[in-house]
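One structure is given below, encoded as structure tokens.
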Amino acid sequence: MNFKINWKIFLILFFLSSCFSKRISLIINSPNNSFCEGTVFTFINNTQKIGLEFLIRDVLTVELSKNGYILKDPSIVKSFFTPEEKIHYFENPEIALSPELIQRLGSILGLKWIIGGKILKAERIGDYVRIELLVWVKETKKGRLIWYSYYKRDSDSYRTILHFGKTSDLYSLVDKMVKKDIIKDLKKVLICERKS
Amino acid sequence: MIKKWLKILFFSIFFILIFKIVYAQIVIFPFEDLSSSDYGINFEIPEKIAKKLSKEGFQVVPPKEVIPLLIKLRKPNFFQLDFTLLREVYKKFNAQYILLGSIGNLQKEPPAISMVVKLVDVSTGKIVWGKSVSFSSENFISFLGLKKTDYESMMNKVHKTLLSNFKDPLATIKKIAPTVDIQEVVFNSRYLQPGKTVECIVRMVFSGPKPSFIGVEVEDNIGKRLIPLNKYTNKRSYITFWKAPKKEGRYPVVLVVTWGNKWKITKRIFIGRYYVDNTPPNLNLVIRGAKKKNGKVLVKDVLEIIPKVVGNSNSNFIGRGNGISKWQIEIYSKDKNTLILKEAYPGELPKFLTWYAKGGMNILPPGDYLIKFKVWDLAGNQNEVEKEILLITDPPTPQVVVYDGKEKNLMEIEINKNFIPLVRVYLEIFNKNGKKIAEIKKEGAPFEGIKKEIILDKNDIKSLNTLYYNAIIEDELKNKKILRRLPVIVKKAEEGPMRATFKTWIDEF
């Protein structure tokens, strides 16, 4: 008898433990989460520092996801390009991402926005590093550009006292720039009101 | 009492076991290493992460075990995820998450690392967790630099930071719907004339049960309808045909895949569009630097043809439907009534075509010519434009004749226009010793020609045969002729005018 009761208690406990997990509470399909879901495309890199474009994309993706946004992996989004669009995007990413294509991606994948950008300058001279970036956000309802910003940071941008906070590495500078500045600005644009 | 304790122990073990089972399986992919000049793959860091996670009690599949699946799926670029890959990972490992990572910077001396890791949900493709770390020697500055940091200790810190807030991903999905991913789409032509057959080949990869229907949704003369795709040369390729509609415009093609039975899912994927075009390309032929006079196109020594296709205003796909697939040029000599050039080339129109008519290998004599230019657009529509030109490569040569008389000599100079008026004539006549004995100078407004008679004194010129002249003659097209030391033609007085005209007398005066 006692054994049967314990079984029931166990099952109840088990289901409850599943229901209250944090991960599940994040997946909400409420009409209010209108601007929560999106993706970050690889930045256009006009510099010699190859690889930086992927890193910026990934840091931005991870940081946005940490801030409660729902992000689709960009490669999955690109798998919905037609073969012709893939070639066009590879050849000229600025033109290839047409409003029509953005609208289609939005409707298929439920994305509300797409973030992209361009690395204008990235250089390292000795211990001194400098980076210039353009970041933009396009909404998927009409495929329009809704925000863009220019960022210019160098080794001393995040310096505090003496040489503490000084950056002599481009990747660390990108990491700091995304975490300290870009995310702050993006949060003002991508207003995500979700019921949890 | 023992029984009770045994029961408690049994339930505890059972509960822990169940809880472990519902822990999601995480497949760790090799990390993308962007730190080397040519992109590489890093196994060392993800293997260590796998070990650490495993120690913590998570169920992980280390990167080396994933490689055979990636080879089987022919996915060398496994960083590029698609739903088929996600589903295959789920199917093979019963995994619900994939841990992906990219390394931006990795150096041992001085130690520095930049890395991003993210956890992707295989059922949705969404990123459920992620972390980026970036450490360099500046992050480990100690008091007065007493403590030095080496690579190993930095890596330990990296692992600790990475996994500090790693969420316990629970197994939530029971099944993943079957998927399809497009690998290639080939149309026989994207641009067609109405009624022509559209041929479409789709190469795709499936994951999951066999679909009950594979086809495309198209619009043709009958209307919007579904056309099934049939197997083509290999098991991944499918082919279908349909007639292009009568109405000009652009038409989308959507792949439709249905899984019946227990799934009841239909996936619609846009695979491209084709254009129905029945309008010939609007061709415009410009002859660069040419002058139009009395309805004729006048060309000097260089014939430069600029063919251009201008978009049709009635078309809503300007510049796309009017792409050129082939062009042809023909040049006829109207004077000789012969074809002197015929060339045809595939592809886009040239920016310009140049023919040096006066020099080089293909000299063209002055005269009337007819240029025929033909273009075919990508749909096969054709258009031809003709242009008549008059080629004038040289200004006329002057006629300088001296008539040998008994008392006086009469010199007659005549320059007549060669199709077009002249704008400059400068002519000097010299004797044997280089003394200038006569001169003609005229420039400014265009004039038809010059005719002048000069009476020369017999005493001044001993021998008429030694006279010569220099001249510069320029026509309205800027064709220029420079003549040096050309002999003056000597004729008997009886052959020419017998006496000087009134005009000559005035000139001399």
Expected integer from the mean partner chain Cβ neighbour count at 10 Å over B:75-85 is 3
Estimated inter-spin distance, B:N77 and B:K7, nm [label 7 Å along Cα→Cβ]:
6.2
Count, lysine Cα pairs under 26 Å in the stretch B:335-429, 8 or more residues apart or across chains
20
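Averaged over peptide B:105-118, how many Cβ atoms belonging to another chain are found within 10 Å of each residue's Cβ?
4
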Cα centroid separation - the stretch B:100-136 against the stretch A:90-143, whole Å:
20
Relative packing of B:208-214, B:442-448, A:128-134, B:82-88, which averages over residues the other C-beta atoms within 10 Å, highest first
B:82-88, A:128-134, B:208-214, B:442-448
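For B:K292 and B:K408, FRET efficiency with R0 = 56 Å and r from the beta-carbon atoms, rounded to 0.05?
Efficiency, rounded to the nearest 0.05: 0.75.
For the stretch A:30-187, with only Lys/Arg (+1) and Asp/Glu (-1) charged at the beta-carbon, what is the dipole magnitude about the Cα centre, in debye rounded to 20? Intermediate values should be presented prior to the final figure.
Numbers: 25 positive and 20 negative charges, 85 e Å.
In total the dipole reaches around 400 debye.
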B:K231 versus A:I108: modelled label distance in nm, points set 7 Å from Cα along the beta carbon direction
2.7
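Taking neighbour Cβ counts within 10 Å as the exposure measure, how do A:C36, A:C192 sort from fewest upward? Working shown, then result.
On the way: A:C36 21, A:C192 18.
Fewest-to-most Cβ neighbours within 10 Å comes out as A:C192, A:C36.
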Per residue of A:59-72, what is the mean number of Cβ atoms on other protein chains within 10 angstrom of that residue's Cβ?
5
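Rounded to the nearest 5, what is the percent of antiparallel bridges among the DSSP beta bridges in the stretch A:30-187?
Working: 21 of 28 bridges.
Antiparallel: roughly 75 percent of the beta bridges in the stretch A:30-187.
So what is the diffusion coefficient of the stretch B:282-391 in µm² per second by Stokes-Einstein at 25 °C and 0.890 mPa s, using a Kirkwood Rh over Cα pairs?
Working: Rh = 14.9 Å.
For the chosen part, D equals 165 µm²/s.
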Explain nothing, just the number: relative contact order of the stretch B:80-128, from Cα pairs under 8 Å at least 6 residues apart, as a whole percent.
36
Given A:K49/A:K118; A:K142/A:K187; A:K184/B:K131; B:K196/B:K308; A:K49/A:K152; B:K210/B:K264, which pairs have Cα atoms separated by over 19 Å?
A:K142/A:K187; B:K196/B:K308
Label points 7 Å out from Cα along the Cβ direction at B:K372 and B:R203: separation in nm?
4.3
Stretch gain in nm, segment B:K210-B:R484, where the contour uses 0.36 nm per residue and the Cα spacing is subtracted
89.6 nm
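Using a 10 Å cut-off around each Cβ, can you sort B:M361, A:M177 from fewest to most neighbouring Cβ atoms?
On the way: B:M361 5, A:M177 21.
Ranked by crowding around the Cβ, least crowded first: B:M361, A:M177.
Read the figures in this text as sums done on the coordinates, not as results from a lab. This is a predicted model, so every value here is computed, not measured. Reconstructed Cβ throughout: ideal geometry from the backbone, glycine too, with neighbour counts over all protein chains shown.
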